[in-house]
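Values in this text are rule-based calculations from the coordinates and carry no lab data. Here the structure is a predicted model, which means the values were calculated and not measured. A quick note on method: Cβ atoms are made from the backbone with ideal geometry, for glycine too, and the neighbour counts reach across all protein chains shown.
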Amino acid sequence: MAFTNFYAHFSEKQLIYTITVPLSTSIILANLVIILGIACNRQLHNTTNYFFVSLLVADLCTGVALPLIPLMGLNRELSFSSCLMAHVFPNFLFLAFLFNLVMVHYDRYICIVDPLHYNTLWMRHSFPLALFAVWVPPLLYACLPAFGWNNWRGPDWNDCCHDQNVTLLSNCSANGTVCCSYRRVFPNAFIYLEVYGLVLPAILLIAGLTGHVLSITRSQLKDMCRLHRSVDRSSKVSDKEHRLNLRYTRCVVAVSLTFLACWVPYLIYMHACIVFLISDTKWSSTTHIVLSCTGIGSMAVVPLVLGLSNKQYTEPAIKLLKKVRGRWRRSTQESQRK
């Protein structure tokens, strides 16, 4: 029985690492490429890109912590301090990533909607204060379980060490460890407040800002087409108008696909967790692992989509790849001649 439980627990960890390690590696490398691209181009050294670098650093940290997030749904044999760290640290990085993402979207939104007052924003004149606003509040909120808001001494955890889903931990109290579970660390009120008070409003705010920008772009596009027709004195749609409408359509399609691919999986995972938390029923660990890996991983791709779509960010990496390719071709040609 103990061997069966150990094998099941090992298989769950193996599944998590199989899914998250390639995804985590890709996220880390892509963020490093974009950060180096901004650092190598002095023209990009401005406050807007500093906000974006802060987001990339948070995304890189999220990529590092990505394998730890699905592990939060498993019961493990850990000490009190290790259990808190295993849950508080990934949660802090996730919230910091979300706060940075909101800051970047808001900064770009103001730049488009109100460009005349953009340079007077407090964020641009108080960059350290802006960094404080996106890194310190997530840290304080994530550390609340360490300050006493937890279920560590709850009455329902007496038999946790004999859970069928984990290794038989009959010697928990003897070796100073306990069965670590997210239910011990995060009370239900803490989870509800984080999901419906922080995460969901942040996602809705990002969606609202993006939708408003697309609406403004559409109205400006109509004005441009109307002005073009008045100059040409023609009621027919010209090739230039057709190209503008096609470019706008591509932009809308790209934004829609990004939202569907990056945000919808996380929203499904988030509400599935809440449903099972409310019903107080156990669900398949495999389902939880797949949903958590795809949900968090897809959301971590959002900054990479924003960064890789900008040629200025990726130009140094492209030049380096071209140099490496050129040297490799020359070396192969020389070897063939010999």
Between Leu29 and Thr217, what is the label-point separation in nm under the 7 Å Cα-to-beta-carbon projection? 3.0
Is the shape of the range 50-117 rounded, prolate or oblate, going by the alpha carbon gyration tensor and its root eigenvalues a ≥ b ≥ c, with a/c under 1.5 for rounded and a/b larger than b/c for prolate? prolate
